[in-house]
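The values are calculated or read from the model by the stated rules, or taken from the named source; none is laboratory data. Every value quoted in this text rests on a predicted model; they were computed, and no experiment measured them. Cβ placement follows ideal geometry from the backbone for every residue including glycine, while neighbour counts extend to all protein chains displayed. Each accessible area value is taken on the protein alone, full model and side chains, heavy atoms only, with ligands, DNA and RNA left out. Shrake-Rupley method; radii C 1.70, N 1.55, O 1.52, S 1.80 Å.
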Amino acid sequence: MNELQAAPTRDRLLDAAERLFGEHGFAATSLRTVTVAADANVAAVNYHFGSKEGLLRAVVERAMAAVNGERLGLLEELRASGDRQPTVEELVRAFVMTGARLVERSGERGMSVARFLGQVMSEPDPAIRRLFATEVGPAEGQYLDALRAALPQLPAAEVSFRFRAMVGLLGLYQSSALGDLHPGDTAEGVSPGDDAGRLVTFLTAAFHAPPTTDEHTASPG
């Protein structure tokens, strides 16, 4: 029995789906492609996950379980740290750094996980993006509420938009797409590992920016 066959069928399916969905996208990856790579059959998918969409949900849940748990734990610590509310920087740092450490946390699977999450977040099918949002919603919703409380001068919709922008930039960072936009354009003396901290600084400043007004968004003339 080879190493692939030695792993439980459910795990083989999850590993294969994570890799293939990340490389080709959910829609472009057939269930047969996944089952062949996992040395399994379609009946096994139906037994363990119910459907291709159920398999995707399970892959997302596995990929995000540690991140969601750590984020909620850090938020609880921040809320219990005194009589004050968590600051914007504390909230952004807790949210971003837990996501940025995803590659390290996942060990050898790290790049596969990051590539998969980047693909899911950019899938053209809104149903797939909603599925992902359902899995991360409870943790992200609490951070959004905390940021709104920390930024009472901003309309709730404005904070929500900036939060979505943060999630999007973090997704690009996790999948290495952010750096690939301008490969080789790293400042001298700055390692790629420093980028997570720079992202925290950038996003904290973005949340503190003045609110958008009709005057700023109006068309010229």
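In this structure, does F116 turn out to be in contact with a Gly (Cβ under 6 Å, 6 or more places away or on another chain), in a helix (DSSP H, G or I) and open to solvent by less than 50 Å² (accessible area, probe 1.4 Å)? Spelling it out, F116 is indeed in contact with a Gly (Cβ under 6 Å, 6 or more places away or on another chain), in a helix (DSSP H, G or I) and open to solvent by less than 50 Å² (accessible area, probe 1.4 Å). Cβ-Cβ distances below 6 Å connect the following pairs, each with a first residue in the range 26-54 that is closer than 11 Å to L13 by Cβ and basic (K, R), a second residue that is in a helix (DSSP H, G or I) and open to solvent by less than 50 Å² (accessible area, probe 1.4 Å), and a separation of six or more residues or different chains: K52/L31.
Every residue in the range 84-102 that is open to solvent by less than 20 Å² (accessible area, probe 1.4 Å), farther than 21 Å from M121 by Cβ and outside any loop (DSSP other than H, G, I, E, B), please. If the condition is that a residue be open to solvent by less than 20 Å² (accessible area, probe 1.4 Å), farther than 21 Å from M121 by Cβ and outside any loop (DSSP other than H, G, I, E, B), then V88 is the only one that fits. When K52 is tested against (1) more than 24 Å from L203 (Cα to Cα); (2) open to solvent by less than 20 Å² (accessible area, probe 1.4 Å), only condition (2) is not met. Close Cβ contacts (under 8 Å, 6 or more residues apart or on different chains) running from residues in the range 130-141 that are within 16 Å of G69 (Cα to Cα) and open to solvent by less than 20 Å² (accessible area, probe 1.4 Å) to residues that are among the polar types (S, T, N, Q) and in a helix (DSSP H, G or I) comprise V136/N68; A139/N68. When S81 is tested against the conditions (1) open to solvent by 10 Å² or more (accessible area, probe 1.4 Å); (2) hydroxyl-bearing (S, T, Y); (3) within 27 Å of L147 (Cβ to Cβ); (4) assigned to a helix (DSSP H, G or I), the lone failure is (4).
Please indicate, with yes or no, whether at least one residue in the range 19-41 is polar (S, T, N, Q), over 25 Å from A177 (Cβ atoms), open to solvent by 30 Å² or more (accessible area, probe 1.4 Å) and part of a helix (DSSP H, G or I).
At the first step, the residues of the range 19-41 found to be polar (S, T, N, Q) are 29-30, 33, 35, 41.
With the extra rule that they be over 25 Å from A177 (Cβ atoms), the set shrinks to 35, 41.
Those left that are additionally open to solvent by 30 Å² or more (accessible area, probe 1.4 Å): 41.
Cutting the leftovers down to part of a helix (DSSP H, G or I) gives us none.
No.
Just one of the listed residues (V136, V59) is part of a helix (DSSP H, G or I) and either of a type in the set (K, R) or closer than 17 Å to G22 by Cα (or both), and it is V59.
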